Amino acid sequence: MAKKAAPKQEEPIEKQLWKAADKLRKNIDAAEYKHIVLGLIFLKYISDAFDELHEKLKKDKNTGADPEDKDEYKAENVFFVPEQARWGYLLTKAKQPDIGKTVDAAMDAIERENPSLRDVLPKVFARGNLDPTSLGGLMDLVGNIALGDAKARSADVLGHVFEYFLGEFALAEGKKGGQFYTPRSVVELLVEMLEPYKGRVLDPCCGSGGMFVQSEKFVTGHQGKVNDISIFGQESNQTTWRLAKMNLAIRHIDSSQVKWNNEGSFLNDAHKDQKVDYVIANPPFNDSDWSGELLRSDGRWQYGAPPAGNANYAWIQHFLFHLSPNGQAGFVLAKGALTSKASGEGDIRKALVEARLVDCIVNLPAKLFLNTQIPACLWFLSRNKSNGKFRDRKDEILFIDARNLGHLINRRTKEFSVEDIAKITGTYHAWRNVDGKYDDVPGFCASANLTRVRELDCVLTPGRYVGLPDEEDDFDFKERFAQLKAEFEVQLKDEAKLNAVIAENLAKVKADG
């Protein structure tokens, strides 16, 4: 009897949508196309939210509600969408040859009515390389997102699709994509390690806002209130800043303190006087173009002036400058910062260690990041390692070597699984928490006291501290040595035979000559 074929598992809606949207891309590169697709998803989101409240206000007309009063929407934290920008109206024009101009005009109209969106929305729909038929097809596709879902869930679905598409576009763009997007599993790991339940969160190189989105997810996932955290961000690339503003708006996260200026956080700190509870960031690795020569005597360099040719230790001290007395920071950095002694970096690192600021270092596997093959690590700093919230660990540093974790999602890119993230965060929390049950695991984690760190000249590479993993109990050294010796002898015999054959053939050649 023939076996029945297993039922084919249907792909998640976001993957189906991505494949369909990618087919409509044609001759537009991913860097440009992302603004078209994400702009439409955002337009659909704000239109859905507006329509829902509009219907409610129409029903409440008898009690004085006015569905066309902008203040009614402002009071409910909903964007006001003028008639010519509403999704239903745009769909009636979707098959017309000038649909691109119509959508651009809609974006303009929304920005005029909502000051917080000024200069944020993309106006790229009338460009010649996007044909009207493809745009109409995209609008149909986006219009089907969350179809069949309750209206209350629609925003969640749209937010999830927006986030998924950001990641897929980053993969499609490769190196350039990594400039606006930190891989989701790395962001999750940073946030789960720090546990930002409430307080102020800063990312001074915020890209498309992934750190903030994940912090909000963490709070809601632990039954907290989103309003218990407030976010502060800065981004020097205006195009990326626009993505961040849309990404946050689609999740009802207040982005009024997410600022753009093209000078960047070092030259023009948008939150100069702000002290925060958490810094979560992924700054550019080994940045040589950070205007270091102009900032030699800056007040932020409390632990030593960073070299003009590398911003790694400038970022570290910028983060520390913004931390409140009990603040914590978690960030990505090039692995070279753990060992470098060039241009005074080793002295700055020693000063950070002696100031009891370094809490934990995590060595990361290769291929996690889209924009670089440079080995990376995570740093966790704490302004007060004996603050009572956790156990007193001021004379200790935890080292975790996670290079063997993660799995490939394609030939060039790895990500952490949920289990990987749980293993790393569980280790850190067991070590840090008052009631934690922590033990060193050879080859994976070790808690080192400052005496040991000083012995190693304040080099912070986890591999120096965690050692090698325990070998299997049944490993027999004598047996393995005998096996290797036997293999070597076989190779020698084969080599002798080969040499004999070569000599014989040479003799024949000479005889024939």
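Can you give the extra length, in nm with one decimal, that the chain gains between Ala366 and Gln302 once fully stretched, where that is 0.36 nm per residue apart less the Cα-Cα distance? Numbers along the way, then the final one.
On the way: separation 64, 0.36 × 64 = 23.04 nm, distance 3.23 nm.
Gain on stretching Ala366 to Gln302: 19.8 nm.
Taking a threshold of 18 Å on the Cα-Cα distance, which of the pairs Lys350/Lys394; Lys26/Lys176; Lys335/Lys367; Lys44/Lys225; Lys198/Lys225; Lys44/Lys123 fall above it?
Over 18 Å Cα-Cα: Lys26/Lys176; Lys44/Lys225.
Which residues does a label at Asn286 reach in segment 295-326, if reach means a backbone N under 16 Å from a point 7 Å past the Cα toward the Cβ?
What the label zone holds, given the 16 Å backbone N cut-off, is 307-314.
Could you work out what % of the accessible surface of the chain is carbon and sulfur, using a 1.4 angstrom probe and leaving DNA, RNA and ligands out of the count?
Carbon and sulfur together cover 50 percent of it.
Can you give the extra length, in nm with one decimal, that the chain gains between Arg112 and Asn261 once fully stretched, where that is 0.36 nm per residue apart less the Cα-Cα distance?
51.5 nm
Once the Cβ-Cβ distance between Thr239 and Asn449 is put in as r, and R0 is 60 Å, what FRET efficiency do you end up with, to the nearest 0.05?
Efficiency, rounded to the nearest 0.05: 0.80.
So what's Rg/Rh here for segment 335-474, counting alpha carbon atoms and using the Kirkwood radius for Rh?
My calculation of the ratio gives 0.98.
Once you have all Cα-Cα distances for segment 393-442, histogram them in 10 Å bins from zero and send the whole-percent values.
22, 45, 23, 9, 1
Quick one: if you stick a label point 7 Å off each Cα along the C-beta vector at Asp347 and Thr63, how many nm between them?
Using points 7 Å along Cα→Cβ, the separation is 6.9 nm.
What trypsin sites (Lys or Arg not before Pro) in segment 329-364 are in a loop by DSSP, with at most 16 other Cβ atoms within 10 Å of the Cβ?
Of the trypsin sites (Lys or Arg not before Pro), the ones in loops of segment 329-364 whose Cβ has at most 16 other Cβ atoms within 10 Å are Lys341.
Which of the trypsin sites (Lys or Arg not before Pro) across segment 431-466 are loop residues per DSSP, with 13 or fewer other Cβ within 10 Å?
Those satisfying the criteria are Lys437.
Against the longest principal axis of the chain, how steep is helix 345-354, in degrees 0 to 90 to the nearest 10, with axes from Cα atoms?
With rounding to tens, the tilt is 80 degrees.
So with the 1.4 Å probe, I'd like the accessible area per residue for the chain, rounded to whole Å². Before the final figure, lay out the partial values.
Numbers: 25710 Å² over 513 residues.
So the chain comes to 50 Å² accessible per residue, rounded to a whole number.
What number, in nm² with one decimal, is the all-direction average of the projected area of the convex hull of the alpha-carbon atoms of segment 175-298?
Its average projected convex-hull area is 7.9 nm².
Can you give me the solvent accessible area of Met211 with a 1.4 Å probe, rounded to the nearest 10 Å²?
Using a 1.4 Å probe on the heavy atoms, I get roughly 10 Å².
Where the centroid of each part is defined by its Cα atoms, how far is segment 416-441 from segment 11-73 in Å?
40
Would you pull out the residues with amide H under 5 Å of Asn261's amide H, same chain only if 5 or more places away, H placed 1.01 Å from N?
Result for Asn261 returns Glu235.
Starting from the eigenvalues of the Cα gyration tensor, five times each then square-rooted, give me the equivalent ellipsoid semi-axes of segment 293-384, largest first, whole Å. Don't skip to the answer; put the middle values down first.
Working: eigenvalues 86, 59, 29 Å².
So the equivalent ellipsoid measures 21, 17, 12 Å along its semi-axes.
Roughly what angle does helix 418-432 make with the longest principal axis of the chain, taking Cα atoms, 0 to 90 degrees, to the nearest 10?
80
Once you have the alpha carbon radius of gyration of the chain, what is it after dividing by 2.2 N^0.38 Å, with N set to its residue count?
Here the Cα radius of gyration is 1.21 times the empirical estimate.
Name the long-range amide H neighbours of Ser230: under 5 Å, sequence gap of 5 or more, or other chain; modelled H, no Pro or chain starts.
Amide H to amide H, under 5 Å and 5 or more residues apart or across chains, Ser230 pairs with Gly199, Arg200, Val201.
Viscosity 0.890 mPa s, temperature 25 °C: give me the Stokes-Einstein translational D for segment 99-245 in µm²/s, with Rh taken as the Kirkwood radius over C-alpha pairs.
Estimated diffusion coefficient is 142 µm²/s.
Of Ile253, Ile374, which has the most accessible area and how do the rest follow, probe 1.4 Å? It would help to have the intermediate numbers written out before the result.
On the way: Ile253 20, Ile374 70 Å².
Ranking Ile253, Ile374 by accessible area, largest first, yields Ile374, Ile253.
The values are calculated or read from the model by the stated rules, or taken from the named source; none is laboratory data. Since the model is a prediction, treat every value here as computed from it, not as a measurement. In this analysis, Cβ positions are derived from the backbone assuming ideal geometry, glycine residues included, and neighbour counts consider all displayed protein chains. Only protein heavy atoms, including side chains, enter the accessible area calculation; ligands, DNA and RNA are left aside. Shrake-Rupley method; radii C 1.70, N 1.55, O 1.52, S 1.80 Å.
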